[in-house]
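Heads up: the structure comes next, in structure tokens.
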Amino acid sequence: MIEKINLHLELFFANKILKYIYLLLCFICLVFPIYLQISLNGLYMFDTFVKNIFYINLMFISITYVYLTMARNEKVDEVLNCIHVKKGWYFYYVLIICILFIIYNIVIIVGMFIASIITNEYALLMNFIANYYLMNILLPQICFTLIIGLISRIRSFKVALPFLVVTIFLSSPFINLFTSINKPQTIDLLDNFIQIIIRPFSYFYQYGVYAVDELYGFQNEVFKIYIFIFWILVAVYIAYKSKLSHIKKGLQIVLICLSLVAVNIPQSMYRADDSWRYSYNDMNYYQISQGKNIYIKENQIDYHISNYQLKVKIRRQLEASGEILISSEHKRSDYVLTLYHGYHIKTLTSNQKIEFTQEGDYIYLSLANPVDQLKLKITYTGYHPRLYSNHQATQLPGYFPWYPMEGKKQIFVKIQNPCTSFIGFNPYNRVNAKFDVEIDALYPIITNLSQKSESHYVGESDSFTLIGGNIKKTIDSQFKNYYPLSLQNNSYNDYIKDIYEHKEQLTEYMSNLFDKEQVSLKSKPIIIFPMSLIQVTNLGGYCEFDNYILVSNHGYISTDEYLSYYLTQNDHINSVLRDMLILESFIQCSDEEFIKQVNDFLSEYITRPYNEENVDENLKERYRQVVEFKKQFDKDLNELGVEQYMKKIAKEMEME
């Protein structure tokens, strides 16, 4: 067998074109990681390599196709018969492809190893290879090469060409060019059918517009394993269909169909893209660009959920079941709850005769008899297209209704000020309840509740935040967690010191604006969320709850996020002035400079052509607000002077 392999290797390298292309491929695999490491750290080197593995494998599948079709066209079987190699000639050609495949993948690992030595990130790289190489580099290449090997069996190049083009296109990142931010006005059934066709080709890293998410890591979803099984079954069927009985053929076809179904089972996953399916899903659903779902301060209602007793299991998606207790100040026969529309209720029963309907984000409860206490048993499953919850990681902030909340909550909103706007998850959603939650997850998790046992969490709070994945708990008393992937070249101690210094600077700065007792950055625990929470939005990255603070951006709190969060809820301050205060360049200066900048901004703004007939009505309204404020600003400044005017602003800015 060794002699036959050597013979076939000699035949391969006798072809100078194939030889030089393969040597070039190995050279790229060796040098590319080293080149990336010079300007990037280990995480972004691996991230960039994963996103470009398609192009590397494209060179190899070109070799594969040419080599296998050349063997058929040149009647290699007849040649080998002459030298007494009578059986299995095609097997040896496939074996040579496998050997070449293994060699250049070893070269990839060697290149990464050398690159890691350059920046002393050997341990980090070994972690990436152990956890992510199989699903993000190796299996995608095997699938792609296997499909091209199947196409190479077609003797006519004219017939094979369309299959080659379609396979390469569907496997490539180019298919992402056909996604858009806005949901197309197509039939959902047709769109779902297209996705069923595309999914078996989704083995390479998908939608890599943004950097890898530090909590989620790379794409290790289970459906990729089913894709691999699907193509193996297809390959076996094509290779042996002439030798299979009708019963075995039927069984093989059934297995292929079942694997295709498994590939397309809905599941939660994170995709760093600019498409309406994932990052911009809420923008489309809530019609933000059409001026819908503008933030409105929530009105008080006379009932609330007082107790949650839940069991949460996270695998392919989130599965929750348990009891909730609703308490009301008055007896009533109708209640409304909020649960994000991506979570579907399987069962809902009560100690009272009850009917319910789930419409969008709201659950409408109707009782035969009015009651002031209502106990519900509920089971629901689902996921959010961006706030993932699967076997790999979970990020579910407490203000997001991934668990039922009382009343009608706005989930995704636009806060529109005259000169600024903020879009994202509504950070003001709250409950006031006791929680008793058991969580079944495959990774470390962090919550705002007290940990009673390994998977049991209890406490009283105005929210329930759940986060887990590539996360570690800190030994620090205030910051509860950090992300090893985001440390880059910094040590843990340097990172904690840096975010502490940043927080202290912000605390000191905000204490000069507000009453010191109102600035709670010093006292409350801080849970750090990944950047993907506000990837395409600018709202929800900072939020203060009754017993903890939620922060994205690696734990660095920005001034504009902090101010916009507090001032949005302030009804006493003029909306135009609120804009001035939110804009960091206005507020980080002396009183006189602040007055000058505000005056210059207003004077310039009112010269804009926002009052013409063809201008959008919203812009006209903002323009009128600015003009009115400019008049009042000039009047107050003349009457009060700079010092008294700044005191007036400070009074209006007091937190509620």
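The values are calculated or read from the model by the stated rules, or taken from the named source; none is laboratory data. Quick caveat, the model's predicted, so the values are computed rather than measured. Glycine gets a Cβ as well: all are built from the backbone with ideal geometry, and neighbour counts include every protein chain shown. Heads up: the accessible areas ignore ligands, DNA and RNA and are worked out on the full protein's heavy atoms, side chains in. Shrake-Rupley method; radii C 1.70, N 1.55, O 1.52, S 1.80 Å.
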Residue that is most open to solvent (accessible area, probe 1.4 Å), among those in segment 446-471 that are part of a loop (DSSP other than H, G, I, E, B), more than 19 Å from residue 390 (Cβ to Cβ) and small (Gly, Ala, Ser): 453
Flag for residue 108 being surrounded by fewer than 16 Cβ atoms within 10 Å (Cβ to Cβ) and either modelled with pLDDT of 80 or more or within 48 Å of the chain's Cα centre (by Cα) (or both): no
Count of residues meeting criterion [touching a strand residue (DSSP E or B) at 6+ places or on another chain (Cβ under 9 Å) and open to solvent by 30 Å² or more (accessible area, probe 1.4 Å)] in segment 116-175: 1
Hey, residue 272 touching a helix residue (DSSP H, G or I) at 6+ places or on another chain (Cβ under 8 Å) and of a type in the set (A, V, I, L, M, F, W, C) or not: yes
All helices (runs of 4 or more DSSP H) inside segment 177-268 with 3 or more residues being in contact (Cβ under 8 Å) with a residue 40 or more places away in the chain and under 30 Å from residue 133 (Cα atoms): 223-240
Those residues of segment 12-29 which are open to solvent by 60 Å² or more (accessible area, probe 1.4 Å) and in contact (Cβ under 8 Å) with a residue 60 or more places away in the chain, in sequence order: none
Matching residues in segment 528-559 - criterion: being part of a loop (DSSP other than H, G, I, E, B) and among the acidic types (Asp, Glu): 546
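Residue-wise test of (1) of a type in the set (Gly, Ala, Ser); (2) farther than 18 Å from residue 431 by Cβ; (3) outside the structural domain of residue 469 (by the TED database).
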{"site": "320", "(1), (2), (3)": "yes, no, no"}
{"site": "337", "(1), (2), (3)": "no, no, no"}
{"site": "342", "(1), (2), (3)": "yes, yes, no"}
{"site": "346", "(1), (2), (3)": "no, yes, no"}
{"site": "359", "(1), (2), (3)": "no, yes, no"}
{"site": "375", "(1), (2), (3)": "no, no, no"}
Qualifying positions in segment 10-53 - modelled with pLDDT under 85 and assigned to a helix (DSSP H, G or I): 10, 11, 37, 38, 39, 42
Positions within segment 276-306 being buried (at least 21 other Cβ atoms within 10 Å of the Cβ) and within 17 Å of the chain's Cα centre (by Cα), in sequence order: 278, 279, 280, 282, 283
First in segment 92-120 and farther than 16 Å from residue 140 by Cα, second anywhere and open to solvent by 60 Å² or more (accessible area, probe 1.4 Å) and of a type in the set (S, T, N, Q), Cβ under 8 Å, 6 or more apart: 119/489
Residue match in segment 345-358 (condition: part of a loop (DSSP other than H, G, I, E, B) and hydrophobic (A, V, I, L, M, F, W, C)): no
